[in-house]
1. Anything in region 94-111 that is assigned to a helix (DSSP H, G or I) and charged (D, E, K, R)? List them, or say none.
2. Going through region 114-149 one residue at a time, which ones are among the basic types (Lys, Arg) and surrounded by 22 or more Cβ atoms within 10 Å (Cβ to Cβ)?
3. Kindly indicate whether ALA111 is in contact with a helix residue (DSSP H, G or I) (Cβ under 7 Å, 6 or more places away or on another chain), of a type in the set (Gly, Ala, Ser), without any contact (Cβ under 8 Å) to a residue 60 or more places away in the chain and surrounded by 14 or more Cβ atoms within 10 Å (Cβ to Cβ).
4. Inside region 47-100, can you point out the residues that are hydroxyl-bearing (Ser, Thr, Tyr), surrounded by 11 or more Cβ atoms within 10 Å (Cβ to Cβ) and in contact with a Lys or Arg (Cβ under 8 Å, 6 or more places away or on another chain)?
5. Any idea which of ALA74, ALA114, ALA136 is in a helix (DSSP H, G or I) and within 13 Å of SER29 (Cα to Cα)?
Amino acid sequence: MACQRTHVVVGVAAGAAGAGYWSRGDTASRWTEALGGGIGGGLGGVLPDLLEPAMSSWHRSLAHSYALVVVGFATVPDRVFRWQEYCRVQAAFHDRMSQASLEEWRRAWHALCAFLWRVAGGFMVGVAVGYLSHLALDQATPRGLPLFT
């Protein structure tokens, strides 16, 4: 269990740092995306072991492989950054709706929606970076990572 705790802690830190680095907007938006990145990083940090539970020290297969890293680097960044941009567009829409609303409850609702869209944008970056942090930590162990399985 100490190993899982390490993956969560490193995943949260890496996810928050990654989402903060790739965030845009004002300071509050950047911190909100970093918050989402930390949440996603915690999940990404344990995701390989959720996909391939550690029943023995030889549990590493495709979800813990160099092949996955190569495929991930080739496909994931573009998709994650498109998702992140979609979330930012939705957050900006809710910002505008919040400012234009006359009723206080509508302003609060749209402000909450904008906040959650920013968290979601950082979350996806965090999952990807957290997953990568898990593989980097496992690579440093004596068994390392397999090429495929």
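1. If we filter region 94-111 for residues that are assigned to a helix (DSSP H, G or I), which is where we start, we get 94-100, 104-111.
ASP95, ARG96, GLU104, ARG106, ARG107, listed by residue number.
2. Start the filter on region 114-149 by keeping residues that are among the basic types (Lys, Arg), which leaves 118, 143.
Matches in region 114-149: ARG118 only.
3. yes
4. SER98
5. Details: ALA74 fails: within 13 Å of SER29 (Cα to Cα); ALA136 fails: within 13 Å of SER29 (Cα to Cα).
Exactly one of ALA74, ALA114, ALA136 is in a helix (DSSP H, G or I) and within 13 Å of SER29 (Cα to Cα), namely ALA114.
Residues are listed down the side, and each one gets a yes or a no for (1) without any contact (Cβ under 8 Å) to a residue 24 or more places away in the chain; (2) among the charged types (D, E, K, R):
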| site | (1), (2) |
| --- | --- |
| GLY40 | no, no |
| ASP49 | no, yes |
| LEU68 | no, no |
| GLY72 | no, no |
| ARG79 | yes, yes |
| GLN84 | no, no |
| ARG88 | no, yes |
| PHE93 | yes, no |
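Laboratory data are not the source of any read-out in this text; all were calculated from the coordinates shown. Treat the numbers as computed from the prediction; the structure is a model and nothing was measured. Please note: Cβ atoms are built from the backbone with ideal geometry, for glycine as well, and neighbour counts cover all protein chains shown.
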